[in-house]
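Quick notes on the structure that follows.
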Amino acid sequence: MTDNMRMYRSLCVCNGLIFAALSLHGQTPAAAPTFEVASIRPSAPITPEMVQSGKLHAGMKIDGARVDIGNYTLLQLITKAYDVKSYQVQGLPWMVPMAQRFDVIANLPAGATKEQVPQMLRALLADRFKLVIHEESKDQKVYALVVAKSGIKMKETAPPPVDGTSPNPGVTGSSSVSINTSKGGGSEVSTGTGLRQKMTPSADGKSMHFEISKASMALFAEGMTPLVDRPILDMTELKGDYEIAFDISMQELMAVARNAGANVPPPDANAEASDPQGSVFTAMQGLGLKLEPRKAPLKMIVVEKAEKAPTEN
């Protein structure tokens, strides 16, 4: 495998999981139950062999009374527990996207529902990671994702079949993320929920072509946020899931991966400078969307204290 292919695959895994790992936000119930039993263990490091096998234990799945969370950082666990985006969590500098990842296997108590899982996660994080937080709300600079005057230029994803071949309604989310790579350095990330993201580098290596299936606008806004200088909030009022295709410069993607802690080369000092957000805004225009600078109140989860590793099971 060449150095370029290793870099592309590292880049694809990092940026592919931007979208694939974003799902299953719960609602806050009145009660605050705890898991009947829960195990937290460090995730196995993602290796080229794991990627080539096409299967990773990643994501979140609730199947009956069993909660299965794979390859999540503490930051991701907090976002699930408090129903927020990663940019709404502030605090400890070591809580970055490429930090230590964990697998969580837990059982729900009798009579509990999947809507109560976030509250149970809160209790688990406080108990095992000694997490202490406080909430605050303040105005933040954001980009509002809105429909451009020209109208959207995306096709809505066809709804799933209703003839008995649809997934088990008792299962929510997926803890099995599939990553298939190609000889040219491209990659396709998919989950058991129908969400799929294909990435193909351009022939000259200067950009990456993305094709995403079954993406809501809220998911798309969150996934694109690391590429710009402020959070992107979905204000399109589009309720469906869409087929989305766009191109992003490799410089921007490498900067995102580098900031997340991925092992990618430093920027080339001799490379031609480019607008760090240029291709993102161009991509939005091609989709019939627009990013408008605004201010909006955001709920922030401020981490006061947390341990890097959980207490023993």
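Since every read-out is calculated from the coordinates, none of them should be taken as a lab result. Every value quoted in this text rests on a predicted model; they were computed, and no experiment measured them. A quick note on method: Cβ atoms are made from the backbone with ideal geometry, for glycine too, and the neighbour counts reach across all protein chains shown.
Pairs exceeding 24 Å between alpha-carbon atoms, taken from LYS130/LYS299; LYS149/LYS239; LYS149/LYS206; LYS61/LYS198: LYS149/LYS206. Going by neighbour counts of Cβ atoms within 10 Å, the residues VAL67, VAL96 line up, fewest first, as VAL96, VAL67.
Database remark: amide H of LYS153 closer than 5 angstrom to the amide H of GLY288 (H placed geometrically; neighbours at sequence offset of 5 or more, or on other chains; Pro and chain starts carry no H). Compared with the alpha-carbon gap, the fully stretched path from GLU36 to GLU136 is longer by 32.9 nm at 0.36 nm per residue.
Using r as the Cβ-Cβ distance of ALA255 and ALA203, and R0 as 25 Å, what FRET efficiency do you calculate, to the nearest 0.05?
Details: r = 22 Å, r/R0 = 0.87.
Between ALA255 and ALA203 the formula returns 0.70.
Residue by residue, the stretch 301-307 carries 3J(HN,Hα) couplings of 9, 9, 7, 8, 7, 6, 8 Hz when phi is fed to the Karplus relation 6.51 cos²θ - 1.76 cosθ + 1.60 (θ = phi - 60°); x denotes Gly or Pro. Note that the stretch 195-211 has calculated 3J(HN,Hα) couplings of 6, 9, 9, 10, 10, 10, x, 5, 4, 8, x, 8, 8, 10, 9, 10, 10 Hz, one per residue in order, obtained from phi through the Karplus relation 6.51 cos²θ - 1.76 cosθ + 1.60 (θ = phi - 60°); glycine and proline are x.
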